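Since every read-out is calculated from the coordinates, none of them should be taken as a lab result. Just so it is clear, the structure is predicted and the values come from calculations on it, not from any experiment. Because the Cβ atoms are built from the backbone with ideal geometry, glycine has one as well, and the counts that use them run over all protein chains shown.
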Amino acid sequence: MSNAFVDKNYIYAVSRIRYAELRLLDRSVFDRLCDAADLSECLSILAEKGFGGDSRDPEDMIAEERRRLWELMEELVPDSSVFDVFRLQNDYQNLKAAIKESAMDQPMPDIYVSDCVVDPALVRKAVRERRYKELPGDLAETAERCHEIFLRTRDGQLCDILVDHDALVALQKAAEATKDPTLIKYAGLTAASADIKIAVRAASTGKDETFLDRALAECSELDIDSLKKAAISGTEAVYAYLANTDFADAVPKLRESSAAFECWCDDLIIRSIKPQLWNSFGLGPLAAYILAKETELRSVRILLTARQNGFSADRVRERVRETYV
């Protein structure tokens, strides 16, 4: 991508993003949603804010907001592949689905995710016909290795572990290729969060070193060797290790529940990108807006699902993510 594009077009793109940020839902809107009498009132509040177009179906509203997001990015950035980092993991999710489907007696097209880089139909075909080289780069290598292991062992859990590991490696590699600090930080935090969850689960279930070597992905935010040693020693050892890292505040959340930890991780990413609100150059503000919007959509889905299932306002509020604006 030319320096001229960075110097000129990103300035225009960021100015458009500043306008788009005005449509993001702030904390006051989420407080209103939490305090709403029922789901119908929640949907009315969202409609009032222009969220989701004309639909009143929660999933359709979220899908419409995501469509608008990527339509804007494709308009602002001639080569939107710089943002593949946000959709790359869905390719690996589809790879896991294709490997599992290969063991089924009937087709299962509904198990694939559409918001991805590689056409799910291509992933499905490449696995079914064992023509892995039709897939791009690292995904092809993972597909061949993991599918062949699955065919030999029929161990679905092992397959998932290996694919998830490679997805985290690919995510960080793609982020590094952009040379954008915001994307690199996002990928590092995402990998670290996944590694922590793996370590805690492994410690609580007594997994051995071989499992941890397969599952934990190197990342810039944690010392993986130290995390692995802690996980082998037990859950409290993992917490003790984390207490001396930038993830110390995550320990109470991990003790509370996996859902509380995931909320904490999302909030950490939002806090890490907030400086982009005052940056006028480069990919950073655009990447931050994508993250902000995706976090907003996650909060809306959690909130609407909770209200549908009769959760109290206080319980819903605990799971709503920090807002970007």
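Would you mind getting me the FRET efficiency between Arg66 and Arg201? Use the beta-carbon distance for r and R0 = 22 Å, nearest 0.05.
Result of the calculation: an efficiency of 0.15.
Rounded to the nearest 500 deg cm²/dmol, what is the calculated helix-only ellipticity per residue at 222 nm for the chain, with -39500 (n - 2.57) per DSSP H run of length n ≥ 4? If you can, show how the numbers build up before the last one.
Working: 16 runs with 218 residues, N = 325.
Taking each H run of at least 4 residues, the total per residue is -21500 deg cm²/dmol.
Between segment 265-299 and segment 43-76, what's the alpha-carbon centroid distance in Å?
Using only Cα atoms to place each centre, the spacing works out to 18 Å.
First measure r as the distance between the Cβ atoms of Trp278 and Asp105, then evaluate 1/(1 + (r/R0)^6) with R0 = 41 Å and state the FRET efficiency to the nearest 0.05. Mind dumping the intermediate values first?
Working: r = 56 Å, r/R0 = 1.38.
Efficiency, from the Cβ-Cβ distance: 0.15.
Please compute the net charge surrounding Asp266, taking Lys and Arg as +1 and Asp and Glu as -1 over other residues with Cβ under 9 Å from its Cβ. Let's see the in-between values first.
On the way: positive: Arg298, Arg321; negative: Glu262, Asp267, Glu322.
Cβ neighbours under 9 Å give a net charge of -1.
Explain nothing, just compute: Karplus ³J(HN,Hα) = 6.51 cos²θ - 1.76 cosθ + 1.60, θ = phi - 60°, for every residue of segment 320-325 in order, whole Hz, x for Gly and Pro.
6, 6, 4, 9, 7, 10
What list of ³J(HN,Hα) values in whole Hz, one per residue of segment 193-198 in order, does the Karplus curve 6.51 cos²θ - 1.76 cosθ + 1.60 (θ = phi - 60°) give from phi, with Gly and Pro shown as x?
After applying 6.51 cos²θ - 1.76 cosθ + 1.60, I find 4, 5, 4, 5, 4, 4 Hz.
For the pair Arg315 and Asp57, how long in nm is the line joining their label points, each one 7 Å along Cα→Cβ?
Distance between the two pseudo-spin positions: 2.7 nm.
Just to be sure I understand the model, the point goes 7 Å from the Cα along the line to the Cβ. What's the resulting Arg128 to Gln157 distance in nm?
Calculated label separation equals 3.0 nm.
Based only on other Cβ atoms within 10 Å, what is the fewest-to-most ordering of Thr153, Thr182? Show your work: numbers first, answer last.
Numbers: Thr153 11, Thr182 23.
Ranking Thr153, Thr182 by Cβ neighbours within 10 Å, fewest first, gives Thr153, Thr182.
Quick check on the chain: what are the equivalent-ellipsoid semi-axes from the Cα gyration tensor, as sqrt(5λ), descending, whole Å? Walk me through the numbers before you get to the answer.
Working: eigenvalues 196, 130, 103 Å².
Each semi-axis is the square root of five times an eigenvalue, giving 31, 26, 23 Å.
Hey, can you rank 211-219, 60-68 by average C-beta count inside 10 Å, highest first?
Top to bottom by mean Cβ count within 10 Å: 211-219, 60-68.
Of Lys100/Lys274; Lys125/Lys229; Lys133/Lys207; Lys207/Lys253; Lys125/Lys207; Lys49/Lys173, which pairs sit farther than 31 Å apart, going by alpha carbon to alpha carbon?
Lys100/Lys274; Lys125/Lys229; Lys133/Lys207; Lys125/Lys207; Lys49/Lys173
Which number do you get for Rg(Cα) / (2.2 N^0.38 Å) in segment 1-113? Please report the intermediate quantities before stating the final value.
Details: Rg = 19.1 Å, N = 113, 2.2 N^0.38 = 13.3 Å.
Compared with the compact-globule rule of thumb, segment 1-113 sits at 1.44.
Name the most mobile residue of Val113, Val14, Val163, meaning the one with the largest mean-square fluctuation, in a Gaussian network model of the chain with Cα contacts below 10 Å.
Val113
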